[in-house]
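What follows is a short report on a single structure.
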Amino acid sequence: MPATKEHQTLPKTALEAVKGYDLSGKVFLITGAYSGLGAASTRALLSAGATVIAAGRNAKSQADFAAGFSSGPGTIDAEMTLDLGNLASVRDFAHHIQAKYATIDCLMNNAGVMNTPPGKTSDGFEVQMGTNVIGHFLLAKLLAPQTKRQIWLSSTAHLLIGDPPGDVHDHAKAPRINLDIIDKVDDQAYDSWHRYQQSKLGNILLAKRFPIEFGHIESCAVHPGVVRTNLSRHMSIVSILKYVWAAITGKGSKILTPEQGARTQTLCAIMHPEDLVPGGYYADCILAREGDSAQHMDDAKRLYDYCDNATRHFQE
């Protein structure tokens with residue numbers, strides 16, 4: 001199914017994206033698989049007969065979610081937890097997957113945190129960059145030899161030049177990646193939305209760089225839209241109400257359900273290789289325009305090299 005503006009039957013939900021597909025024998029690994037967008041993609045892929053490795057850091061939530069699919073169709077694997085904010089956990093999880101699966105047809109880097117209070121991961125990185133970018137980088141790097149395709153969840157947040165919602169997205173003015181602040185957190189000057197912008201920009205840059213580092217890997221970044229999930233749990237009630245009001249008055253994006261929001265990442269995970277633009281940025285199931293800051297391939301290499309050096313100890 002080509003992802004072009006001319007296509008007249010673009011799916012409206014993740015389940016519609018897999019309609020007509022037989023994914024028997026295909027293996028998908030989804031981070032943050034048991035809630036929100038990840039859960040919607042997991043359900044859709046399982047319905048088409050796929051094997052889905054459902055990764056998450058809460059063992060009980062993971063097990064409860066997996067129990068709902070014990071009778072098929074498809075096969076869900078929720079044996080081991082994954083904490084992207086802990087690189088030792090990422091390494092151990094990746095080694096477990098390497099030993100169990102010869103091939104990963106698609107790694108969907110779906111999990112993430114947004115607009116968090118100041119804080120660092122257990123390895124000393126700012127929590128949004130550490131979780132959304134560095135943790136996913138290590139997972140993607142360790143599994144690269146057996147991975148065919150990567151989907152990196154990004155957002156129009158990579159265009160932010162202020163606090164959303166409102167007219168604060170700018171393709172030309174959004175800042176480029178800043179490697180100097182990845183391991184720095186100043187409580188007084190901490191700008192949570194800027195750090196989120198940097199992490200979503202980082203996801204696009206890595207989607208562009210991995211196919212260069214590993215010629216056999218297909219990769220793209222995805223903007224799911226404004227989706228009602230628990231990703232917004234760190235937002236103030238005032239910010240949430242502003243989003244709702246902007247949607248109601250037509251001055252902001254329509255708020256989607258997880259099933260609607262997951263359609264693009266699900267389609268990109270299964271579309272024919274000839275239809276997937278390498279390093280492309282997708283929204284609403286079609287190729288979209290990323291910001292100018294995401295088009296600097298030298299930045300993509302610098303970020304890749306930074307992440308590679310920062311996680312070197314855990315790659316041994």
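The values are calculated or read from the model by the stated rules, or taken from the named source; none is laboratory data. Every value quoted in this text rests on a predicted model; they were computed, and no experiment measured them. Cβ atoms come from the backbone with ideal geometry, glycine included; neighbour counts cover every protein chain shown.
Brief remarks on what is shown
- Pairs linking a residue in segment 91-106 that is more than 15 Å from Gly135 (Cβ to Cβ) to a residue that is assigned to a loop (DSSP other than H, G, I, E, B), with Cβ atoms under 6 Å and 6 or more positions apart or on different chains, are His96/Met80; Asp105/Lys26; Asp105/Lys148.
- Answer residue from segment 58-115, given it is in contact with a Leu (Cβ under 7 Å, 6 or more places away or on another chain), assigned to a helix (DSSP H, G or I) and aliphatic (A, V, I, L, M) and is surrounded by the most Cβ atoms within 10 Å (Cβ to Cβ) among those: Val90
- Considering (1) part of a loop (DSSP other than H, G, I, E, B); (2) within 22 Å of Ile30 (Cβ to Cβ), the lone condition that Cys268 does not fulfil carries the number (1).
- Residue in segment 78-88 that is within 23 Å of Leu267 (Cβ to Cβ) and at pLDDT 95 or above present: no
- Filter pass, Leu231 being within 30 Å of Leu107 (Cα to Cα), hydrophobic (A, V, I, L, M, F, W, C) and either in a loop (DSSP other than H, G, I, E, B) or modelled with pLDDT under 95 (or both): yes
- Options Asp292, Asp284, Asp308; residue that is touching a Gly at 6+ places or on another chain (Cβ under 9 Å), at pLDDT 95 or above and either surrounded by fewer than 20 Cβ atoms within 10 Å (Cβ to Cβ) or of a type in the set (D, E, K, R) (or both): Asp284
- Looking only at segment 183-205, and only at residues there that are assigned to a loop (DSSP other than H, G, I, E, B) and out of contact with any strand residue (DSSP E or B) (no Cβ under 6 Å at 6 or more places or on another chain), the one that is farthest from Ile134 (Cα to Cα): Gln188
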